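Taking it in order: structure first as structure tokens, then the write-up.
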Amino acid sequence: MRETFIRVKKEAEKIKLQNNENKNKYMYTSRRVQNRDRIGRKITIGDYNFKIVKEFKYLETTITKDNIGS
């Protein structure tokens, strides 16, 4: 994830886009519960801190860490 974020950030800067860490969240999904539960409350990449969420809403659909949409 770290490498992907850095690559996206560099490309975004080329066209004057900025990352807003208050609007960006991170959701870790895995079939193995122990892998999901070992992640803390945030992920830090460089100077950015991303909040970890258990679900998010996209186009009026709620997506959960268990890959369930409603």
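What to note about this one:
- Under 5 Å, built H, 5+ apart or other chain: amide partners of I45: F50
- ³J(HN,Hα) computed for each position of segment 9-14 - Karplus, 6.51 cos²θ - 1.76 cosθ + 1.60, integer Hz, glycine/proline x: 4, 5, 5, 5, 4, 4
- Net +/- balance of residues flanking Q18 in space, Cβ distance below 13 Å, scoring K and R +1, D and E -1: +1
- On the beta carbon distance between K14 and T62, with R0 = 35 Å, the FRET formula returns roughly 0.55.
- Charge tally for V8 (other residues, Cβ to Cβ under 12 Å; Lys, Arg +1; Asp, Glu -1): +2.
- Using the Cβ of N49 as centre and a radius below 12 Å, the other residues enclosed give a net charge of +2, where K and R count +1 and D and E count -1.
Read-outs throughout are calculated quantities, based only on the coordinates presented, and are distinct from any laboratory measurement. These numbers come from a predicted model, not from an experiment. Because the Cβ atoms are built from the backbone with ideal geometry, glycine has one as well, and the counts that use them run over all protein chains shown.
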